[in-house]
Each structure stands twice: as C-alpha cells, then as structure tokens.
Amino acid sequence: MPFRTSKAPRVRKGQAPDTLERDQFHERFMESFRDPAFQTEKASLQRIELIAWEAYQEGRKAPVTRKAGPGYADPEYELSVDWLEAKARIEAAQAAWGNPQTRSRVLLVNGSPRNDGTCPGEISKSWRLVQLAREVLDSCGIDVDVLDLSLLTSEYGRQIHPCKGCVSTAMPLCHWPCSCYPNHSLRQTGDWMNEIYERWVAAHGVMLFTPTHWYQSASPLKLMADRLVCADGGNPDPTSTHGKKPDEAKALELDGWGYPKHLSGRVYGLVVHGDVAGVESVRRNLSDWLDWMGLIDAGAQARLDRYIGYYEPYANSHDSLDANEDVQEEVRNAARAVALAVGELRSGKLQAPDRGLKPPRPK
C-alpha cells in the first residue's frame, strides 16, 4: 500500500558549498596540465578553460540532449544522449539475456586494485583466482566476460565516480541506469559504469573475487557496488522526475513505488580471500547484498571465504597460493557450481523458492 502523509515532505537544503571563485576554478582546471610540456599550448588552454568556466557557471551537466520520445512519461523532456545510449544498450543486453538461443554468459569481476602495470608492480591473487574460474567456465562452453576493476588504478582516464545517494532522497530519483554522470559542467566524465551496467545485465551468472582490505571489500568493488543501487528499485524513466527534481521523486515514491529489481534472476558466486582477518564478514556482506538484489546463490560451495598465507609475510603470498592446492580447487568448484546453476536456471529447473511472494515492505 502507498505510504501517505498529510502533506508533502519538505526538501531539506543548506549543505552544498558555494560555487568556486574564478581563481579557485583556474587552480582546479590547471591541475591536469602541470607537465611543463603543456606550456607550449598555454594560449589554447586559456581558451579551453574559459569554455569550461562558462559551462561550470551555467551548470551544463548534459550539453547534448534530445527529446525522450514515445514510451516516456514526458516525451517532450530533453534527456541526455549519453543516458539514452546507455539505456538502449541495457535493453538490448536484457533482450539477449532472456533469449533461450543466447549462449550462457558469466561475468567474472576482479575486485582487487592491484596489478603489475601500476605501483604494486605485481599481479593480484584475486586475478589469479579469476583465471582458475575462467578455465573451468571455458571448459563448460560458457561465454566468459572478465571485468578487471584494477584498470581503475592503471588505465588512463578509467574511473568509477562515487554514488551521490539520490536513493536516500527518494527511490524514483535514482534512475536506471544512473543519470548522475557524466556531469560535464563539473568535469565528472569518463564514468565506466554505463558499460558495467550493460555487462551485468548481459550475464546469466556473476562471480565476484575480492581481497579483504581493512575488514571490507576492496575499494574498486565497493565503488561498483554502490553505483549498482539503481539496479535495485531504480527508476527507468527520468522524465517522470524531470531529471533530478526531488519534490517530484518524493511524490512518486509516496504514491506507491514498486522498487523493481532490474538484475534479479541471475546466479552468483563469491570468492573472498585475506591473510589475517575479516573474510567471513566481507563474504556475508556481499552475499546479503546480492541476495537483496534478487540474485540466486549457486550453493554453499560457490560462496568462499578463505585465508591464503595466514599471518605470513605479504612478500611471499603468491608462493602461499601456489602451495595451497585446496584453495585452488575450491575456487574451481565455485565456478563449477555457478556453471551448473546457470544451466539449471536457464532450463527452468532452478528457481528462487520465494518467487512470487510479495514482500510487505519491498524497499
């Protein structure tokens, strides 16, 4: 039932800082051009900076738009072309996912920030565990998509911007896919998530691999997870809130919101590892998150939390993994379980036991 109040809730204001002064903006803008080689283009940079300053002052978040068109609550509303293109790719991926003729597909997510192309100078153990799973899935005839989040630390311009928490204002303000980025006026561009959303949607199964960093998932994985909030209850029609209008979003939610689970019906597996403490809590947190989003676990053997080189030095941790053949086989078994679950899910043999039950509190 819709939650109704006697009056519309007040939109609270007063936290946002003032816009930057011109000299502050100049300092921020020039941070990317400290290399003396850019001095030969000083005049060009000044002209480009002026354009960026005007965009910042005017708040030109989405400078390229077009009318939403048929199928939207307000067909005349101007939507970002970036968002419309991402939405089209997601819809195509969803159609392929639901086609029985499409080959089964599993997304393997390496959550570690470490690789040998950046400061650590060495590959991560998570990456090696991903490769063990990949070999198993390849042998099962499953298409494998490896999402290596360590590219955030080593690839030029690769980034996942943080979630802005729109859902906490009102669920319909959190659009599916996320419409917070790109924000060209704030130079919040190059966001990887529009591609990542499509890859999650296309997958029949997902396996997450992460080290334990300070009793938590590694930061690249957490960034991605936060930005997937729009997949759990997100609004597929930004015209219904006319962009980011909090009062309209609050009214929509209070009138009764269905909280659609856009990634439900996919299988998942987990491999969490560490060297001292925290693996169990990280594994539980990730399992709870994926359960909440409507994914289906592939069984107890597909949800691993393991120590590799327990209380041993970091320097020989790869040697510890080499020696721990049991952990290697457990990771292979996790992949086998996911492969079996994907097959049973697509054939109709595996279904969530609580399917069809309507939660009284769907949030």
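No value in this document is a laboratory result; all are computed from the given coordinates. It should be emphasised that the depicted structure is a prediction, and the values quoted were computed from it without experimental measurement. Cβ: placed from backbone, ideal geometry, glycine included. Neighbour counts: every protein chain shown.
Note on the chain: helix-only mean residue ellipticity at 222 nm, from DSSP H runs of 4+ residues weighted -39500 (n - 2.57) and normalised by residue number, equals -11500 deg cm²/dmol. In terms of its C-alpha gyration tensor, the range 132-183 comes out oblate, because a/c is 1.5 or above while a/b does not outweigh b/c. Straight Cα distances below 26 angstrom link Lys7 to the lysines Lys244, Lys245, Lys250, Lys363, with same-chain residues fewer than 8 positions distant left out. Note on Asp354 and Glu41: the model spin-label points, each 7 Å out from Cα along the C-beta direction, lie 5.5 nm apart.
The relative contact order of the chain, computed from alpha carbon pairs under 8 Å that lie at least 6 residues apart in sequence, is 18 percent. The alpha carbons of the chain occupy a box of 60, 59, 39 Å along the principal axes, longest dimension given first. Summary of packing: across the peptides 52-64, 271-283, 184-196, 346-358, the per-residue average of other C-beta atoms within 10 Å ranks them, highest first, as 271-283, 184-196, 52-64, 346-358. Here the range 40-347 carries DSSP beta bridges of which approximately 20% are antiparallel, counting only pairs with both residues inside. Would you please classify the overall shape of the range 1-89 from the alpha carbon gyration tensor, given that a ≥ b ≥ c denote the square roots of the eigenvalues, rounded means a/c under 1.5, and beyond that prolate means a/b larger than b/c while oblate covers the rest? Judged from the Cα gyration tensor, the range 1-89 comes out oblate (a/c at least 1.5, b/c at or above a/b). Under 5 Å from the amide H of Lys261 lie the amide H atoms of Gly233, each residue being 5 or more positions distant or on a separate chain, with H modelled from the backbone and absent for Pro and chain starts.
An oblate overall shape is assigned to the range 15-174, the ratio a/c of its alpha-carbon gyration tensor axes (a ≥ b ≥ c) being 1.5 or greater and a/b not exceeding b/c. Could you tally the net charge around Asp319, taking each other residue with its Cβ under 15 Å from the Cβ of Asp319, Lys/Arg +1 and Asp/Glu -1? Local net charge: -3.
Tyr259 sits among other residues whose Cβ lies under 12 Å from its own Cβ, and their net charge, with Lys and Arg +1 and Asp and Glu -1, is +2.
Give the calculated FRET efficiency between Glu325 and Glu27 to the nearest 0.05, with a Förster radius of 56 Å applied to their Cβ-Cβ distance. After rounding to 0.05, the efficiency reads 0.55.
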